[in-house]
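Following: one structure in structure tokens, then a few remarks.
The values are calculated or read from the model by the stated rules, or taken from the named source; none is laboratory data. None of the values given here were measured: they were computed from a predicted structure. Here Cβ is always computed from backbone atoms with ideal geometry, including for glycine, and neighbour counts include all displayed protein chains.
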Number of protein chains: 2
Amino acid sequence: MKNTILRIIIVFILSFSVIAQTIQTEKKLLGFSTENSTKQTDLEAKFDASLKKDNLQTWLKRLSARPHHVGSAYGKENAEFMLSLFKSWGYDAQIEQFDVLFPTPKIRVLEMVSPQKFVAKISEPTLKEDATSGQKTEQLPTYNAYSVDGDVTGDLVYVNYGTPADYEELEKRGISVKGKIAIARYGGSWRGIKPKVAAEHGAIGCLIYSDPRDDGYFQGDVYPKGAYRNENGAQRGSVADMPLFPGDPLTPNIGATKDAKRLDRKTAPTLTKIPVMPISYADALPLLRNLGGAVAPTAWRGALPITYHLGGVNSVKVHFKLAFNWDIKPIYDVVAKMKGTELPDEWIIRGNHHDAWVNGADDPLSGMVALLEEARGVGELAKTGWKPKRTIVYCAWDGEEPGLLGSTEWAELHAEELKNKAAVYINSDSNGRGFLGMSGSHTLEKFINQVGKSVSDPQTNLNVWERSRANQIVNGSPATRNELNNRTDLRIGALGSGSDYTPFLQHLGISSLNIGFGGEDGGGSYHSIYDSYDHFTRFGDPNFNYGLALSKVGGHTTLRLANADVLPFEFTNFADTVGNYVNEVTRLADSMRDETKRMNDLISSGMWQAVQDSTENLIAPKIQSAVPNFDFAPLQKALAKLKESANNFQNATKDKKLSVSTQKALDQILMKSERFLTRDSGLPKRDWFKHQIYAPGFYTGYGVKTLPAIRESIEQREWDEVGRQIKLVSETIENFAAEIEKATKLVKAQ
Amino acid sequence: MKNTILRIIIVFILSFSVIAQTIQTEKKLLGFSTENSTKQTDLEAKFDASLKKDNLQTWLKRLSARPHHVGSAYGKENAEFMLSLFKSWGYDAQIEQFDVLFPTPKIRVLEMVSPQKFVAKISEPTLKEDATSGQKTEQLPTYNAYSVDGDVTGDLVYVNYGTPADYEELEKRGISVKGKIAIARYGGSWRGIKPKVAAEHGAIGCLIYSDPRDDGYFQGDVYPKGAYRNENGAQRGSVADMPLFPGDPLTPNIGATKDAKRLDRKTAPTLTKIPVMPISYADALPLLRNLGGAVAPTAWRGALPITYHLGGVNSVKVHFKLAFNWDIKPIYDVVAKMKGTELPDEWIIRGNHHDAWVNGADDPLSGMVALLEEARGVGELAKTGWKPKRTIVYCAWDGEEPGLLGSTEWAELHAEELKNKAAVYINSDSNGRGFLGMSGSHTLEKFINQVGKSVSDPQTNLNVWERSRANQIVNGSPATRNELNNRTDLRIGALGSGSDYTPFLQHLGISSLNIGFGGEDGGGSYHSIYDSYDHFTRFGDPNFNYGLALSKVGGHTTLRLANADVLPFEFTNFADTVGNYVNEVTRLADSMRDETKRMNDLISSGMWQAVQDSTENLIAPKIQSAVPNFDFAPLQKALAKLKESANNFQNATKDKKLSVSTQKALDQILMKSERFLTRDSGLPKRDWFKHQIYAPGFYTGYGVKTLPAIRESIEQREWDEVGRQIKLVSETIENFAAEIEKATKLVKAQ
């Protein structure tokens, strides 16, 4: 009790110091005149007041009541249900169907052949504590979508997370996966990277298991006692080579309409090269326990009660067999428009996916229901006579789980229209409890920071932006903390992949944002049958407080973008961020050069060999090519231009009242500015990805690589490519800077 | 095969580059004229040639054949056997007996009372793969020596390593051990700290278990398959409050002779305040598995296949009962002297303990047999007519395990004689495979670095110093690597405690060294019945190659110190090192000041509270007293004098030929110089520890604290004490510097 009083006092103090201070400075909204700022703030207050938490709960329960993966009956029902909701709220809504390759398992067998016989269960049991866990006839079994069919038998090798660096460790120990089966644990990289890298090293099959270290008992009590993955839980998921291109594997670059020209499945490049399947730790334990060979490096050891060994020859032999129904299945995107009154051809697109691997209460419905309530709130406003200046498009994507299918096919089909009309794409996906996460185009960094200050945090008397900032101040690195003292805005994350912003941002060059709450809702239900309403309402966001907060953040973002006098793009933060990326790639080259020289010297002098334990028989790494001195001057020059143009634009627009015609003309430049960060030729080895600043890593899958063409050429030691890419990227940045200068001229000319 | 050839080529290259270069520079030995250096080098070659690996093996087998703890029949036999060896090699050897308090268990019971009934086995089973593991009648059971008797029942709380910082984490979670039983895992601090800190926080009992994360299956295969601790292995060991004083708990400061005046056991301050016992992880698992309450912080989680919880009220209740035979037992130090021809009253003392918790093949016999072979080699030399200039004293200590009993009682009994005659004490303890470890007085840093270059590494064609250096170059931090490019000598470690150098260095102020090999012989046999001949010859140093290398390093060290024209003390490395310590304590105060301010601000503004997960109910830490600005000027001034005096001495002695009488007079100053680093009043709260530069930490137990009076006053936030101690330590350093100036004058006066 005493403690509670203390808490109240503290929150009281806080509300008069931190909050008051920042809130007051934010009366003028980016992109709005002072007068229109007030109107907009009033509108948002009205919007907030109309939102109802109960709707989130009702819809979450309804949408997660049955499995609703691609091609399922309930998936279609959900789409139709949402369509009817959007229509009832006054939207011009429709379902857009695409027809995509979507394999489902026909045969799944995994057994240990030697030294003992063991047949894996590969099944998640029904729990009496979880009402939907028993819907066996409708559940997709545990599998990895876009694994090829296969029937393989071989020695097992433990490859840790299965990243390229992990194979270097194996090589030091003289262990090859060639002709063998790799067993990797989930984590460390996106799952699709594991079979890709295993196949590159000659493996004939790949198992992926969930180690209890990563999302099981090591992290917390397991389901149903706690939120974490129990011994039988397994993680479904796509293993298509999405860093090459996402979407339907048979229709890259084009919409997967009924009559689209499709690739032959046998040659479709994003299908895996080897069969791959996910297993639980109950199924993995007998295999790993029996593995012989060298003991795994310390960082490779998980939380199973065994000594982790690497395996290899004559240790554990496994057989597994996979066969799939290689069907073309329909997917249903729900697209709901509210036409803009003044600028109908400027679209603010707001999306979340609706398909799940099973019941998907958390992933994706926790975000989906927040979007629905947001759309309802906007609809309510429209019923009172207000209308957006720009067109608002709400989207509920299907087929995100197998590979961003719904969003990608839609974006590909409507590419030309979107390039002309799309101003911003705002994404959300699963939503949890905790801190506001903000990522996306840094031209919107200032904007989304300001939005964050307009929504109260449900647990404290701070706004959600302040709580995120407080978290960085309390838990951030000294460098982060130091920067926060000298920077008005929180830095937003750069987008890699893993959700539906990818086709918009990285394929079409549409400025994008991704928003959601998290950090306090840890668990291990991801892509299992236990991602259920019961699980989410116990461990996720039980009171839907953060769901409602997401409705508000999403709503304010959408409404401000739709209503602004001028689109609230800002370039100095972007220039600052690109400056950091330039420093990073420069330092990366420098540190790789130093480290390469150091290791080569150690190895050729025999020093490295001399300090190895002779009982471990380690093999010295190969001598590597020296890292050249790259000419980063063009990049520095482009960066200087970018900074100059960003400052010029900021100075030109400061306190300047623009005519309606100038606003319109300026909007046209701003909304298309991100297109100038793309190149038609795309990135090396993957031309679908056009953006030159942000991309998912070729070997991370989800994790972002900024200045990807330069950074990955360095990382992958393709020295000739580095100089070429520095030139191309520099040219891109200069073109972008020229666009900003164009905008500045326009403003000045008025 | 190809690989082997490559290896040979590399080693070949290496031997002609790195080695040749350094070896050549070391023809002139520290403390010797050029002429005498050559003689000494020849002597060492003769010594090396006489050493036989087979002796190490024979003695290890013999000495570890039966349990030989304090008071055991076989311990006495071992002492008598070694006495006869020393005598046979021509030493003037004797056994010195002391009578010490040494409790052995009468009753040991541990059971879980609720929520389930479970009775702990607290027993290590016989293994057919281990020939001595079945010697049940002679083995000491698993227990912690100097635990008090007790019979306690209470709620169990998991306290991680049981350090003061761990209790701060518990406090944040509102968990107290008051009136409860703490269960700590081994590691993180010396074991005796765990019951000490638990009792300080009001616990009524303490269990200490071996988590498989720390020396069990997580680290490697368990015994007998591999070297690591199996589920039933438990770690015996002393829990006396040794940071207060080591040695017999009843006779602090005096030798525990038959008639010594003894403290009443009931008031003996180094006995624990609460009962404490060690258990295996098989016995700990049922308790930890049933613990409820909050989930333990990430860093607290071990490798058991459970979610680690903290426990507290109404979770797990345990009962344990301990009763001991509180006997006075005899211990037998074997002391073997070879009188110096020219300087018989300058003693070079070389020791290793011989007692073990059970069979102790590794701890301590691996070091003991190396010392024996060294002593035999020196004896052989003496038989050829050579005699040491100074007196050599070989010691085989008894009673090290319960608390450095043999060495401490001997040092206390002979304190006055030792203060007059002891020049250097050289310690070893367990010896493994790998890299030469060198620690001790930094006045001997240059000397021991040079010794390391005179012994070949058994696995490579490097010398053992070069291999240690190579290890730091390959695996060291960038700062370490950078320093190695600019520094001739490897830095040697500072001594805390945990072996027999403590009474010599920290009580009497005798310059000390500790030497041994390790780093490639990991395992978990420590203080269990599995520390056996079978274990050591499979996983320790199977071919006794590193045992023989230790005989050489120890022999060269001893012979050089015994034969040198002038004792090879050098002060610039010491001054450099003290300079680093001064920087460390200054930075410690600065960083504590910053961090205290930061945390106080975060807590009083409510920022800290605002970012906590409300479901975790964390309590904000208390506001702490601000860290004052201390006046470090006296310390800086003393350091300047120290550096100046060290340089003056170095310049004065460089290439100077000294007369025999000057050498003698100089020796007297040098050999006693370390005494000037002590203060009779000792450290705050523990006057037994006199040394002002090195001490075991009051809350680390073994881990060293340099400039301990200052450093610990800061760490323990005793602000008034800090200034006082800065003055005293500065005065000590100035006195020491004055002694060096005295030596310089002496040299110059010649």
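Every test in (1) assigned by TED's automatic domain parsing to the domain that holds A:Ile204; (2) touching a His at 6+ places or on another chain (Cβ under 9 Å); (3) of a type in the set (Phe, Trp, Tyr) is passed by A:Trp357 save one, and that test is (1).
Does A:Tyr146 count as closer than 24 Å to A:Leu310 by Cβ and crowded, with 17+ Cβ neighbours inside 10 Å? No: the conditions fail for A:Tyr146.
Inclusion of B:Leu602 among residues that are within 14 Å of chain A (Cβ to nearest Cβ) and either surrounded by fewer than 18 Cβ atoms within 10 Å (Cβ to Cβ) or not aromatic (Phe, Trp, Tyr) (or both) is warranted.
Restricting B:Asp601, B:Asp613, B:Asp590 to those that are assigned by TED's automatic domain parsing to the domain that holds B:Gln692 and touching a strand residue (DSSP E or B) at 6+ places or on another chain (Cβ under 8 Å) reduces the list to B:Asp613. Scanning segment B:211-264 for residues that are hydroxyl-bearing (Ser, Thr, Tyr) and within 14 Å of chain A (Cβ to nearest Cβ), we see that the one that is nearest to B:Arg433 (Cα to Cα) is B:Tyr228.
Every residue, every condition in (1) within 11 Å of chain B (Cβ to nearest Cβ); (2) crowded, with 22+ Cβ neighbours inside 10 Å; (3) assigned to a helix (DSSP H, G or I), yes or no:
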site: A:Met438; (1), (2), (3): no, yes, no
site: A:Val451; (1), (2), (3): no, yes, yes
site: A:Thr460; (1), (2), (3): yes, yes, no
site: A:Arg467; (1), (2), (3): yes, yes, yes
site: A:Ala470; (1), (2), (3): yes, yes, yes
site: A:Arg481; (1), (2), (3): yes, no, yes
site: A:Gly498; (1), (2), (3): no, no, no
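Just one of the listed residues (A:Pro141, A:Pro105) is surrounded by 14 or more Cβ atoms within 10 Å (Cβ to Cβ), outside any loop (DSSP other than H, G, I, E, B) and modelled with pLDDT of 95 or more, namely A:Pro105.
Of all the residues in segment A:606-616, those that are at pLDDT 95 or above and facing chain B (nearest Cβ under 7 Å) number 6. With respect to (1) surrounded by fewer than 23 Cβ atoms within 10 Å (Cβ to Cβ); (2) part of a helix (DSSP H, G or I), the lone exception for B:Pro503 is condition (1).
A quick yes/no check of all residues on (1) touching a residue at least 24 places away in the same chain (Cβ under 8 Å); (2) assigned to a loop (DSSP other than H, G, I, E, B); (3) out of contact with any Gly (no Cβ under 6 Å at 6 or more places or on another chain); (4) within 14 Å of chain A (Cβ to nearest Cβ):
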position	(1), (2), (3), (4)
B:Leu304	yes, yes, yes, yes
B:Asn314	yes, yes, yes, no
B:Phe324	yes, no, yes, no
B:Asp327	yes, no, yes, no
B:Pro330	yes, no, yes, no
B:Val335	yes, no, yes, no
B:Gly340	yes, yes, yes, no
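Just one of the listed residues (B:Ala749, B:Ala737) is crowded, with 22+ Cβ neighbours inside 10 Å and of a type outside the set (S, T, N, Q), namely B:Ala737.
Only residues that are surrounded by fewer than 17 Cβ atoms within 10 Å (Cβ to Cβ), of a type outside the set (D, E, K, R) and within 14 Å of chain A (Cβ to nearest Cβ) were counted across segment B:619-650, and they come to 3. Selection within segment B:529-539: residues that are within 19 Å of B:His68 (Cβ to Cβ) and over 19 Å from the mean Cα position of the chain (by Cα). The member of this set that is surrounded by the fewest Cβ atoms within 10 Å (Cβ to Cβ) is B:Thr537. Checked against the criterion of being outside the structural domain of A:Thr678 (by TED's automatic domain parsing) and either in a helix (DSSP H, G or I) or in contact with a Leu (Cβ under 6 Å, 6 or more places away or on another chain) (or both), the candidates A:Glu380, A:Glu346 yield just one match: A:Glu380. Within segment A:72-102, the set of residues being within 27 Å of A:Trp326 (Cβ to Cβ) and part of a helix (DSSP H, G or I) comprises A:Ala73, A:Tyr74, A:Gly75, A:Lys76, A:Glu77, A:Asn78, A:Ala79, A:Glu80. Taking the listed residues B:Asp521, B:Asp531, the one that is charged (D, E, K, R), touching a Ser or Thr at 6+ places or on another chain (Cβ under 6 Å) and in the same structural domain as B:Met438 (by TED's automatic domain parsing) is B:Asp531, with no other qualifying. Within segment B:598-621, being free of Cβ contacts under 8 Å to residues at least 12 places away in the same chain and not polar (S, T, N, Q) holds for B:Arg598, B:Asp601, B:Leu602, B:Gly606, B:Met607, B:Ala610, B:Val611, B:Asp613. In the set A:Glu712, A:Glu718, only one residue is within 30 Å of A:Gly247 (Cα to Cα), of a type in the set (D, E, K, R) and surrounded by fewer than 18 Cβ atoms within 10 Å (Cβ to Cβ); that residue is A:Glu718.
Which strands (runs of 3 or more DSSP E) does segment B:168-284 wholly contain that include 1 or more residues that are within 27 Å of B:His691 (Cα to Cα) and not β-branched (Val, Ile, Thr)?
In segment B:168-284, no matching strands (runs of 3 or more DSSP E) lie anywhere.
Considering only segment B:144-167, state which residues are part of a strand (DSSP E or B) and under 21 Å from the mean Cα position of the chain (by Cα). Across segment B:144-167, the qualifying residues are B:Asn144, B:Ala145.
Applying a threshold of 6 Å to beta carbon distances and a minimum spacing of six or more residues, or different chains, the list of pairs starting in segment B:707-721 at a residue that is more than 14 Å from B:Val578 (Cβ to Cβ) and ending at one that is of a type in the set (Lys, Arg) reads B:Glu712/B:Lys705. When A:Lys745 is tested against the conditions (1) in contact with a Ser or Thr (Cβ under 6 Å, 6 or more places away or on another chain); (2) closer than 21 Å to A:Leu670 by Cβ, the lone failure is (1).
For segment B:379-412, the set of residues classified as touching a Lys or Arg at 6+ places or on another chain (Cβ under 9 Å) and farther than 23 Å from B:Phe245 by Cβ consists of B:Glu380, B:Leu381, B:Thr384, B:Trp386, B:Lys387, B:Pro388, B:Thr391, B:Ile392, B:Val393, B:Tyr394, listed by residue number. For B:Thr443, the conditions (1) out of contact with any strand residue (DSSP E or B) (no Cβ under 8 Å at 6 or more places or on another chain); (2) crowded, with 23+ Cβ neighbours inside 10 Å; (3) of a type in the set (S, T, N, Q); (4) within 14 Å of chain A (Cβ to nearest Cβ) all hold with the exception of (4).
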